Protein chains: 2
Amino acid sequence: MEYEDSTLQEIDSALQKAQAAFMLYKKTEPKKKAAFLRAIADEIEALGTELVSTAMRETHLPEARIVGERGRTTGHCRMFADLIEEGSWVEARIDTALPDRTPAPKPDIRKMLVPVGPIVVFGAANFPLAYSTAGGDTISALAAGCTVIVKAHPAHAATSTLVAQAIDRAAKKVGIEESVFQHVYGKSFEVGKALVEHPLAKGVGFTGSLAGGKALFDLAQRRPEPIPVFAEMSSINPVILLPDSLSQQAEKTADMLASSITLGVGQFCTNPGLILVIDNPALEKFVGVLATRIEASTVGTMLHEGIAANYVTKLKQSLAQKGVKLVGKSSAASENVAGMPAVASVSATDFLANELLTEEVFGPYSLIVRCKDRHELLLVIHHLKGQLTSSVIGLESELTQNADLIQLLQEKAGRLIMNGVPTGVEVCPSMQHGGPYPSTTDSRFTSVGIDAIKRFVRPVSFQNFPQSLLPMELKDENSMSIWRLYNNEWRK
Amino acid sequence: MEYEDSTLQEIDSALQKAQAAFMLYKKTEPKKKAAFLRAIADEIEALGTELVSTAMRETHLPEARIVGERGRTTGHCRMFADLIEEGSWVEARIDTALPDRTPAPKPDIRKMLVPVGPIVVFGAANFPLAYSTAGGDTISALAAGCTVIVKAHPAHAATSTLVAQAIDRAAKKVGIEESVFQHVYGKSFEVGKALVEHPLAKGVGFTGSLAGGKALFDLAQRRPEPIPVFAEMSSINPVILLPDSLSQQAEKTADMLASSITLGVGQFCTNPGLILVIDNPALEKFVGVLATRIEASTVGTMLHEGIAANYVTKLKQSLAQKGVKLVGKSSAASENVAGMPAVASVSATDFLANELLTEEVFGPYSLIVRCKDRHELLLVIHHLKGQLTSSVIGLESELTQNADLIQLLQEKAGRLIMNGVPTGVEVCPSMQHGGPYPSTTDSRFTSVGIDAIKRFVRPVSFQNFPQSLLPMELKDENSMSIWRLYNNEWRK
């Protein structure tokens with residue numbers, strides 16, 4: 001089946017419809033929006049094996065992964081439904097009037113978060129369900145009260161279409177107006193450009209390459225009216241191995257990292273692409289076990305030809321840099337091919353002298369950086385760009401001794417992990433999936449968990465409003481019984 | 001006294017020191033940071049009449065205004081001190097581990113807001129105290145745990161220096177490390193450019209012109225690492241007068257608006273620069289009274305020569321546009337001079353055809369746009385750019401009938417006011433001082449009230465951390481007794 005690029009006229013029409021729908025949808029009561037999100041989950045489940053087989057065919061991901069990702073997708077639909085039905089997320093603040101205050105009376109002022117308008121979402125190649133058509137961006141924007149236009153990722157347009165149809169059915173079932181959700185196609189950059197530059201677009205969600213995300217960010221900031229772009233782009237997720245821990249558990253650590261590096265053919269934004277170590281007697285054992293595990297690993301099929309070709313190029317490039325030595329690669333491949341797990345190592349001196357080695361190689365590859373001592377390790381961390389995550393493997397005693405190192409890591413990453421690997425992103429309120437540039441374009445927000453809704457809202461104050469005109473969340477009666485900061489005190 | 005522009009070397013050194021200080025200050029316990037903010041308030045008060053007379057001399061603002069602004073400044077120092085001492089503002093979320101969960105165990109994850117790093121603040125011409133050296137930007141950034149470099153506004157460099165010295169004294173008194181706060185001078189754009197482009201700067205606060213704010217925003221977005229800019233720039237704060245209300249209280253409405261237009265020589269970002277009316281019998285009476293009040297008003301001295309010259313130019317330009325008719329101007333001036341209150345009117349047709357009339361004229365000037373009917377009024381509102389505020393004067397019955405109009409206004413402004421004027425910005429939790437572009441560069445944040453602290457923080461997740469390494473706010477014991485979302489339930 002062919003999915004033709006949407007024309008500029010179609011894109012303009014989609015944004016016009018999205019804006020008209022927004023003016024109605026933004027007033028939809030939370031219960032109905034919640035029912036819509038739950039109906040989306042139901043309709044996605046009702047797609048059954050057709051969705052699973054289509055996604056498997058388009059992405060080469062195994063059945064268990066697709067089924068798991070479907071669960072995550074329907075899970076966040078229901079999570080946001082619960083969130084908006086409970087209602088406290090709007091951050092209601094109420095300051096009642098003091099008509100007798102001198103020198104001037106104090107007016108009644110109330111504030112809450114309101115949706116910003118139509119949002120453009122780009123489907124992600126590496127998560128055909130959870131970060132695509134009904135992914136976290138779409139669902140959190142719909143939960144906020146925004147309308148959404150999704151550009152299907154060309155590598156899984158059929159999967160995207162199935163999910164889009166499920167969302168349409170859910171909208172009909174619940175009685176949500178047309179065009180609250182729309183689906184467009186585009187292989188060419190022009191489609192994305194037209195969407196982001198359209199004056200009615202008020203925000204953008206994107207997960208993909210640094211080049212792609214940065215290009216959209218630049219377009220959005222150069223508009224006559226700049227708009228926020230939430231692009232999750234590039235992260236090498238450094239893992240720091242402290243010496244005492246390595247001495248005690250070199251093999252266990254190597255096992256854990258080998259699994260994380262090869263998981264999903266390394267196609268996770270949280271893939272551990274950098275391992276930082278201080279030279280010590282246990283290091284050779286660790287490197288040896290890791291090499292063995294990588295050599296024994298299988299070669300996977302990557303998501304699409306672009307990602308596969310890019311991996312081969314970047315891998316060759318990395319291995320060709322001064323001082324970089326291959327430690328081990330899958331013995332299932334005779335040469336450097338797409339989807340082939342590989343690990344290399346380099347000295348801190350060579351790493352620090354070569355900016356290219358700080359760039360992401362998207363796939364099952366990791367680079368070990370060998371530092372002479374703790375001082376050099378700190379220099380390497382200083383040298384790193386912004387990351388989604390950073391991990392430290394260490395005994396509690398040496399973690400405590402390295403509090404300064406952890407403080408420094410905090411400046412570099414959105415999520416810090418002790419004695420664990422970065423892959424595996426829990427969907428929960430405490431999850432920060434986002435970090436300093438270039439891991440994302442806006443470190444102040446997360447794309448996973450309930451707080452992802454905050455990307456698509458802004459606060460509005462209502463001063464001296466009659467009760468009848470106030471939004472439900474700000475009326476005296478508090479019919480939803482939400483938490484509100486009422487004259488500077490939390491009340492329900 | 002001469003205040004020489006800081007050199008590029010001095011700016012680089014200031015940022016280096018700000019970063020070094022940040023790595024210590026960010027760990028300072030809330031109690032001590034709160035003591036620092038309170039000491040700043042004390043030291044500003046201790047400046048006594050010297051501060052008041054210096055500010056009066058530099059800004060031409062009257063004593064009562066400076067004294068009032070000083071109270072607002074010390075007030076927000078103490079407000080943020082209370083906020084961080086209470087501690088719940090960090091939005092702590094805790095999700096405890098489920099080690100037996102299948103298929104994979106759930107790790108312990110905790111999240112809170114942490115400061116982003118050194119912040120550059122530009123002093124504002126129109127608020128020598130409340131939006132300048134110890135203004136809302138500086139104090140909310142210090143409260144967040146960021147270090148701050150303030151560029152003194154050249155028009156009140158002596159005032160700025162006095163306040164900077166007070167902050168230094170407060171830091172010494174409380175034992176806050178050096179360089180947490182720094183003060184630099186710069187008449188030339190190069191100084192601001194160097195500050196914003198410095199790689200160690202992590203955020204920018206600015207209040208001033210659209211041209212100035214947009215230039216800084218563009219510089220910041222084009223850095224190798226883009227950073228957030230909170231620029232409050234340009235707003236004409238439309239006031240809509242509904243017909244029934246105008247029939248009943250034309251005189252009272254005119255009085256109220258005349259006071260708001262002329263307040264502080266019109267030098268407020270919330271000055272009502274646009275009055276939207278539907279032709280009706282009461283209109284002539286309203287216009288007549290407003291003209292009389294404006295004619296009886298005095299001509300004030302504006303803040304500095306640049307603002308004065310700009311007002312004369314923009315006023316002449318506005319009055320020269322097709323269809324714009326002068327309604328009244330202060331009789332104290334024979335020609336169009338700086339600080340002269342004036343009101344003009346134009347038809348909606350001419351207004352809609354002329355983009356220039358939607359631009360801010362910074363000073364005591366307002367333009368009445370006469371609409372034939374409600375339909376034309378809605379067209380005019382559609383045509384408006386983003387605003388800090390929008391007001392509606394109407395009887396409750398007609399407000400209810402115009403719910404769609406209010407919904408539309410919500411898309412245009414950060415604060416909606418019923419039966420009141422936009423001037424007078426309460427410092428309270430429910431205040432949103434910020435709005436869609438070009439009123440600010442980021443409608444998702446406020447520059448007034450406790451939520452202003454959110455501009456200078458980002459969330460960080462701590463996964464599988466031993467208790468000893470967790471920030472105080474996330475430890476099990478909750479020693480500050482703050483509100484936390486604990487396994488999806490609010491707890492204290």
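Each value in this text was obtained by applying a stated rule to the coordinates, not by laboratory testing. Remember, it's a predicted structure, so these values are computed and weren't measured experimentally. Note that each Cβ is placed from the backbone with ideal geometry, even for glycine, and that neighbours are counted across all protein chains shown.
Within 10 Å of each residue's Cβ, count the other Cβ atoms and sort A:60, B:183 from fewest upward.
Values: A:60 17, B:183 22.
Final ranking by Cβ density, sparse to dense: A:60, B:183.
Provide an ascending nm list, one decimal, of label-point separations from residue B:281 to the equivalent residue in each further copy; define each label point as 7 Å from Cα along Cα→Cβ.
Ordered by distance, the counterparts are at 10.3 nm.
In debye to the nearest 20, how big a dipole does chain B give about its Cα centre with +1 on each Lys and Arg Cβ and -1 on each Asp and Glu Cβ? Mind dumping the intermediate values first?
On the way: 49 positive and 54 negative charges, 147 e Å.
It comes to approximately 700 debye.
Quick one: dipole size for segment B:317-373, taken about the Cα centre, charges +1 on Lys/Arg Cβ and -1 on Asp/Glu Cβ, in debye to the nearest 20. Please list the in-between numbers first.
Working: 5 positive and 6 negative charges, 49 e Å.
Once rounded to the nearest 20, the dipole reads 240 debye.
What distance in nm separates the simple spin-label points at residue A:189 and residue A:401, each placed 7 Å from Cα in the Cβ direction?
Inter-label distance under the simple model: 5.0 nm.
Consider the operator that turns chain A into chain B: which A residue has a Cβ nearest its axis, and what is that gap in Å?
Closest to the axis: A:221, 2.
Using +1 on the beta carbon of Lys and Arg, -1 on that of Asp and Glu, and nothing else charged, what's the dipole of segment B:369-492 about the Cα centre, debye to 20?
Values: 14 positive and 13 negative charges, 68 e Å.
Its charge dipole is roughly 320 debye.
Non-local amide H neighbours of residue B:232 (under 5 Å, H modeled in plane, Pro and chain starts lacking H): which ones?
Those qualifying (amide H under 5 Å, at least 5 residues apart or on another chain) are B:206, B:207, B:208.
Per residue of A:269-279, count partner chain C-beta atoms within 10 Å of its C-beta, then hand back the mean as an integer.
Working: counts 0, 0, 0, 0, 0, 0, 0, 0, 0, 0, 0.
What the average comes to for A:269-279 is 0.
Sorted from largest to smallest, which semi-axis lengths in Å does the alpha carbon gyration tensor of segment A:361-492 give for its equivalent ellipsoid, taking the root of 5 times each eigenvalue? List each step's numbers first, then the result.
Working: eigenvalues 366, 55, 39 Å².
The three semi-axes for segment A:361-492 are 43, 17, 14 Å.
In vacuum, with every alpha carbon of the protein assembly as shown counted as one equal point scatterer, what does the Debye formula give for log10 I(q)/I(0) at q = 0.08, 0.10 Å⁻¹? Two decimals, please.
Each listed q corresponds, in turn, to -0.79, -1.21.
Any chance you could tell me what percent of the C-alpha pair distances in segment A:73-129 go past 16 Å?
On the way: 1107 of 1596 pairs.
Result: 69 percent of Cα pairs exceed 16 Å.
Spin-label point model (7 Å from Cα, Cβ direction): what's the residue B:67 to residue B:211 distance in nm?
3.8 nm
Between segment A:16-44 and segment A:85-105, what's the alpha-carbon centroid distance in Å?
29 Å
Sum -39500 (n - 2.57) across every DSSP H segment of at least 4 residues in chain A, then divide by the residue count to get the 222 nm mean residue ellipticity, nearest 500. Intermediate values should be presented prior to the final figure.
Working: 15 runs with 196 residues, N = 492.
It lands at -12500 deg cm²/dmol.
Enter the mean number of other protein chain beta carbons within 10 Å of the beta carbon of each residue in B:477-485, as an integer. Before the final figure, lay out the partial values.
Working: counts 0, 0, 0, 0, 0, 0, 2, 1, 5.
Taking the mean over all residues of the peptide, I get 1.
Starting from a label point 7 Å past Cα on the Cβ side, list the distances from residue A:50 to the same position in the other copies, nm, shortest first.
With the label placed 7 Å along Cα→Cβ, residue A:50 yields 8.0 nm.
Counting only DSSP beta bridges with both residues in segment A:239-418, tell me the antiparallel percent, nearest 5. Numbers along the way, then the final one.
Numbers: 4 of 26 bridges.
About 15 percent, rounded to the nearest 5.
For residue B:355, go 7 angstrom from Cα along the Cα-to-Cβ vector, then report the distances to that same point in the other copies in nm, smallest first.
Copy-to-copy label distances at residue B:355, shortest first: 3.6 nm.
Treat the count of other C-beta atoms within 10 Å as a stand-in for reagent exposure and order B:223, B:484, A:101, A:370 from fewest to most. Don't skip to the end; give the middle numbers.
Values: B:223 14, B:484 25, A:101 10, A:370 22.
Ascending Cβ contact count within 10 Å gives the list A:101, B:223, A:370, B:484.
Give the calculated FRET efficiency between residue B:248 and residue A:102 to the nearest 0.05, with a Förster radius of 22 Å applied to their Cβ-Cβ distance.
On the way: r = 28 Å, r/R0 = 1.27.
In this case the efficiency is close to 0.20.
Would you list the P(r) distribution for chain B, with all Cα-Cα distances sorted into 10 Å bins from 0 and each bin expressed as a whole %?
That works out to 4, 19, 27, 23, 16, 9, 2, 0, 0, in percent per bin.
Within 10 Å of each Cβ in A:408-418, how many Cβ atoms from other chains are there, averaged over the peptide?
Numbers: counts 1, 1, 6, 10, 0, 2, 5, 7, 7, 7, 9.
Partner Cβ neighbours, averaged per residue: 5.
Which lysines have a Cα less than 26 Å from the Cα of residue B:172, not counting those fewer than 8 places away in the same chain?
Cross-link targets: B:17, B:26, B:27, B:31, B:32, B:33, B:151, B:202.
Sorted from largest down, give the three principal axis spans of the alpha carbons of segment B:169-315, whole angstrom values.
Sorted largest first, the three principal extents are 63, 37, 31 Å.
If one computes the Cα centroid of segment A:356-386 and of segment B:389-449, what distance in Å separates the two points?
Cα centroid to Cα centroid, the span is 49 Å.
For chain B, what's the relative contact order in percent, using C-alpha pairs closer than 8 Å and at least 6 residues apart? Display every interim value, and only then the final one.
Working: 1063 pairs, mean separation 88.5, N = 492.
Answer for chain B is 18 percent.
When the convex hull of the C-alpha atoms of segment A:128-253 is computed, what volume per residue in Å³ does it have? Kindly include the intermediate steps, with their values, before the conclusion.
Numbers: hull volume 21.1 nm³, N = 126.
Roughly 168 Å³ of hull volume per residue.
Can you put B:262, A:147 in order of Cβ neighbours within 10 angstrom, beginning with the fewest?
On the way: B:262 25, A:147 29.
Sorted ascending by nearby Cβ count, the order is B:262, A:147.
Report, please, the projected area of segment A:239-418 averaged over directions, based on the convex hull of its C-alpha atoms, in nm².
Values: hull surface 36.7 nm².
The orientation-averaged projected area of the Cα hull of segment A:239-418 comes to 9.2 nm².
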